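Encoded as structure tokens, the structure appears first; notes follow it.
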Amino acid sequence: MIRWITIGVLSLGLVGAAIWGYQEHQEKNAILIQAENGYQKSFHELSYHMDLLHDEIGTVLAMNSHERLSPKFVDIWRITSEAHSNVSQLPLGLLPFNKTEEFLSNIGDFTYRTAIRNLDDDPLTDEETNVLEELYVQANDIKDELRHVQHLALENNLRWMDVQLALVNNDQTDNTIIDGFKTVEEQVEGFAEANSQSGLIGVSTKPEDHFENLPGETLSEKEALDKSRKIFDINSKENIEITPSGDGADIPIYSVSYQNDDKRAYMDLSQKGGYPLTLLIERPLKDKKLSLHEGLERAEKYLEQFDFDDMNLYQSMELNNVGMYSFYYNQDGIRIYSDSVEVKVALDNGDVLGVTATEYYSNHHEREIDEPELTEEEALEFVNDNVQIEESSLSIITNDVDEEVLTYEFLGTFNNDTYRIFINAMDGREEMVEKLGGKELKYS
Amino acid sequence: MRLRQISFLMVVGLFLFPLFFDGKEEVKAFSPQVIQHGAIGDDVIELQARLQYLGFYNGNIDGVFGWGTYWALRNFQYEFGMNIDGLAGEETKNKLVQASEFDEAYVKEQITRGNRFSHYGGMEGEQQQGGEAQQAEQSAPADNTTAVNVPQGFSQNDIQLMANAVYGEARGEPYEGQVAVAAVILNRVASPSFPNTVSGVIFEPRAFTAVADGQIWLTPNERAREAVLDAINGWDPSSNAIYYFNPDTATSPWIWTRPQIKKIGKHIFAK
């Protein structure tokens, strides 16, 4: 009797376990299929967008009328951005595919710049047409390769889940999709060289780095340590570490860190000249004793101490007992935003908790500033009439094609919101308009 | 008899005591600090309320000195013939106290109740806009402010999301290592070969291990949030890195081919 009951209970248990296991399996499968479908969608969209990109570039080449050209360029710009977003949703992770992504965003930049230009006054140059023809051929190659991979994937029922698995296990030897993407990447790498020679895309237009021009000798590790101790304001030789940077650094630096019981300090120091680029101090903060304004006085004193001359505040903010201050460089009354320094001050005792001056040191030089061709009144005519202007000044900013331009800066209000508007001081172009936020409803 | 006198005096004293204190508070009003753009706290609430009483400020009284308060203050200084600097220093505050009234009890009560309200001069409390509760009573906040400062272009939620990623990826790292991880996220947003949004970068498949294994959903601590804020405000201890990896656990041989910049804690940062 007992035996039969035991058998009954056990077999019930077995059946239960089987049902439970089956359900778990089903659920897991459902989730896997969902993830797989997401990847498939991005993949198929990517090849579609590359195909479309190819077609659209071809259309531009065949087009003649200027008024239709700009919208077409905007279209191409949109397609590159969609394709880019498709790539970023694929589980490629560490599979090097960044040349292709860069290629896409370079086409985007190029078409964006052309689209915003007035093509009636300033039509496509022969050089630009050549670039477009080149891009047309390149887009064709990429499209063909992707369509080929897509065909193989469809024919052989290839799963992106397997790609992911292969990438995780580092077993990339024989996976059609991975091979296909690698081929694309290699092709694009070849294009990159040709494109950089044509000079229009692939070349970063970043303003030149002025770091090299800073005066000073190259510091030895010991000298750098001495300097760091002075900046950290410590005497002991213990608990302090210094390491020089590796090959990847933009400029050679020393990284110095210091730790004692209640605080930790970190600093990046340029090897040449020993300029402090980044300083960060971490310690527990006590109750607020200083006002934001008193903190500002500390920050200004600190900047003076480190020979930052003619720095003016343009933004201050109180965040959890810390004051954050941003300064621009003032050259003869002109605000230079590229040469900016940020200072962080603890509002419990007024210590400076951080300075970041990388921007300042890499951009700073005495600029030869041309006289503005427009007067302030003339520049004002380029501003929307509905904006009530409250403040104005001359400023140098880096615009959206990475050039430094002299502008009239207007601070104005419109419908209770504050806007910062930059009007080119030479030709009246609206270089940049931004809505100034800076505060938000507290959610918690 | 004697006892009666004493107790009478004591009772009178009890009544006088708060009166005396009230009077003192009325004169002092603001604390001695100079209030400037970006400040938060009770002084800012009073500043906004007084400016609103005079009709210069028509935003929310939230205790955060933003652009609206700044222009209101400058207009006030202009109208009253003062030096226009947008700072609430001693002279400005005295003028404000003379010219306006501040019903602190009313304002603070509205704030703790989470009401929408206004504080214009020449209106009784009932006539002010709103007044009735707009949302459920909040748990008593530590201070009276109802807004927070956020860096330009970021929401508290973006900061929270990044703090989650930083905490999941680098909670055991030194502080600068956490700032560096946050900076890498921002460098990727700016880089052409990565998505253009913070969430796009964080949730890119297989980009961060903490996202893949779910550690991103741990609750981050204050330190991770502070690290994120520092990175957003411009600190970059990674020196423009767009990759980092833990050399003990990295599986991809490719990552070793990236030019390395530096090592912070357990992470190597690379271009």
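Observations on the structure shown:
- Verdict on A:Ser340 being within 29 Å of the chain's Cα centre (by Cα) and either over 21 Å from A:Ile231 (Cα atoms) or in a helix (DSSP H, G or I) (or both): no
- Residue in the range A:24-35 that is closer than 30 Å to B:Val211 by Cα, out of contact with any strand residue (DSSP E or B) (no Cβ under 9 Å at 6 or more places or on another chain) and touching a residue at least 40 places away in the same chain (Cβ under 8 Å) present: yes
- Of all residues in the range A:414-444 being away from chain B (no Cβ under 13 Å) and of a type outside the set (A, V, I, L, M), the one that is farthest from B:Asn115 (Cα to Cα): A:Asp427
- Any hit, the range A:302-314, residues being away from chain B (no Cβ under 13 Å), crowded, with 19+ Cβ neighbours inside 10 Å, part of a strand (DSSP E or B) and not aromatic (Phe, Trp, Tyr): yes
- When restricted to residues that are outside any loop (DSSP other than H, G, I, E, B) and under 31 Å from the mean Cα position of the chain (by Cα), the range A:260-297 contains 18.
Table: residues versus (1) modelled with pLDDT under 80; (2) of a type outside the set (A, V, I, L, M); (3) surrounded by 14 or more Cβ atoms within 10 Å (Cβ to Cβ); (4) within 15 Å of A:Leu53 (Cβ to Cβ).
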{"position": "A:Lys143", "(1), (2), (3), (4)": "no, yes, yes, yes"}
{"position": "A:His151", "(1), (2), (3), (4)": "no, yes, no, no"}
{"position": "A:Met161", "(1), (2), (3), (4)": "no, no, yes, no"}
{"position": "A:Asp171", "(1), (2), (3), (4)": "yes, yes, no, no"}
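- Every listed requirement among (1) surrounded by fewer than 15 Cβ atoms within 10 Å (Cβ to Cβ); (2) of a type in the set (A, V, I, L, M, F, W, C); (3) under 18 Å from A:Asn386 (Cβ atoms) is met by A:Val401 save one, (3).
- Of all residues in the range B:33-44 being at negative phi and either assigned to a loop (DSSP other than H, G, I, E, B) or away from chain A (no Cβ under 13 Å) (or both), the one that is surrounded by the fewest Cβ atoms within 10 Å (Cβ to Cβ): B:Gln33
- Selection status of A:Val74, over 30 Å from A:Val149 (Cα atoms) and either more than 14 Å from every other protein chain (Cβ to nearest Cβ) or part of a helix (DSSP H, G or I) (or both): no
- Listed by position, the strands (runs of 3 or more DSSP E) contained in the range B:182-271 that have at least 1 residues being in contact (Cβ under 8 Å) with a residue 12 or more places away in the chain, closer than 27 Å to A:Leu104 by Cβ and out of contact with any Gly (no Cβ under 7 Å at 6 or more places or on another chain) are B:243-245, B:267-270.
- Some residue of the range B:182-196 being farther than 21 Å from B:Gln260 by Cα and either within 25 Å of the chain's Cα centre (by Cα) or more than 10 Å from chain A (Cβ to nearest Cβ) (or both): no
- Selection status of A:Tyr266, in contact with a helix residue (DSSP H, G or I) (Cβ under 7 Å, 6 or more places away or on another chain) and more than 8 Å from every other protein chain (Cβ to nearest Cβ): no
The values are calculated or read from the model by the stated rules, or taken from the named source; none is laboratory data. Note that the structure is a prediction, hence the values are computed from the model and not measured. Here the Cβ is made from the backbone with ideal geometry for all residues, glycine too, and neighbour counts use every protein chain on show.
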